[in-house]
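A quick write-up on the structure given underneath.
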Amino acid sequence: MKPIVSIIMGSTSDLPVMEKAAKLLDEMQVPFEMNALSAHRTPEAVEDFSKNAAGRGIKVIIAAAGMAAALPGVIAANTTLPVIGVPIKGSVLDGVDALYCIIQMPPGIPVATVAINGAMNAAILAVQILALGDEELANKFAAYKEGLKNKIVKANEELKEVKFEYKTN
């Protein structure tokens, strides 16, 4: 089984956030790989990865980075594949620095960007992209979305059982 999604993080310290993306891809049965690459510490490896990802069968790249957050942009500059950026919350500016770095790409080098620490939404976006050409995956994703709706319906029913003196419903 060859991966079709690549999850790249600037450091393994990003793994607790990026596990959410991995879990969703796993649930959707989408083959993926995970690697740590740094735009600043391993620039040659990032360039090599980016230029060869499509040739290896990768269809979507999820790239996470904090602080200066150059990784998603450097990857996007070196590939024609869609890149989804995940800004990682840092200790100084709470991830706003990473968000601004990832979202402010120059014309011609887009990086789809999700919320700070939004790895799960990055995986959902990757699945939606892949599902455009994969009916089975589209059906799995539709069932997933229906499950989200059902969780809220159930939660609302449970809230009806919560009692307060002045609660009217």
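Quick notes on this one:
- Residue match in the range 15-37 (condition: surrounded by fewer than 23 Cβ atoms within 10 Å (Cβ to Cβ), touching a residue at least 12 places away in the same chain (Cβ under 8 Å) and polar (S, T, N, Q)): yes
- Test: Val127 is touching a helix residue (DSSP H, G or I) at 6+ places or on another chain (Cβ under 9 Å), over 19 Å from Ala22 (Cα atoms) and in contact (Cβ under 8 Å) with a residue 40 or more places away in the chain: no
- Qualifying residue in the range 50-62 (condition: in a helix (DSSP H, G or I), in contact (Cβ under 8 Å) with a residue 40 or more places away in the chain, within 18 Å of Lys2 (Cα to Cα) and not hydrophobic (A, V, I, L, M, F, W, C)): yes
- Members of the range 129-156 found to be exposed (fewer than 14 other Cβ atoms within 10 Å of the Cβ) and closer than 20 Å to Val83 by Cβ, listed by number: Leu132, Gly133
- The one condition in (1) within 14 Å of the chain's Cα centre (by Cα); (2) part of a helix (DSSP H, G or I); (3) among the polar types (S, T, N, Q) that Ser6 fails to fulfil: (2)
- Among the residues making up the range 80-97, those that are surrounded by 20 or more Cβ atoms within 10 Å (Cβ to Cβ) and within 23 Å of Ile58 (Cβ to Cβ) are Val83, Ile84, Gly85, Val86, Pro87, Ile88.
- Condition met for Ile116 (assigned to a helix (DSSP H, G or I) and touching a Pro at 6+ places or on another chain (Cβ under 7 Å)): no
One line per residue, one yes/no per condition, for (1) crowded, with 18+ Cβ neighbours inside 10 Å; (2) among the polar types (S, T, N, Q); (3) under 20 Å from Ile102 (Cβ atoms):
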{"site": "Ile7", "(1), (2), (3)": "yes, no, yes"}
{"site": "His40", "(1), (2), (3)": "no, no, yes"}
{"site": "Asp48", "(1), (2), (3)": "no, no, no"}
{"site": "Arg56", "(1), (2), (3)": "no, no, no"}
{"site": "Pro72", "(1), (2), (3)": "yes, no, yes"}
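Values in this text are rule-based calculations from the coordinates and carry no lab data. Being a predicted model, the structure only gives us computed values, none of them experimental. Using ideal geometry, Cβ is built from the backbone for each residue, glycine included, and neighbour counts are taken over all protein chains shown.
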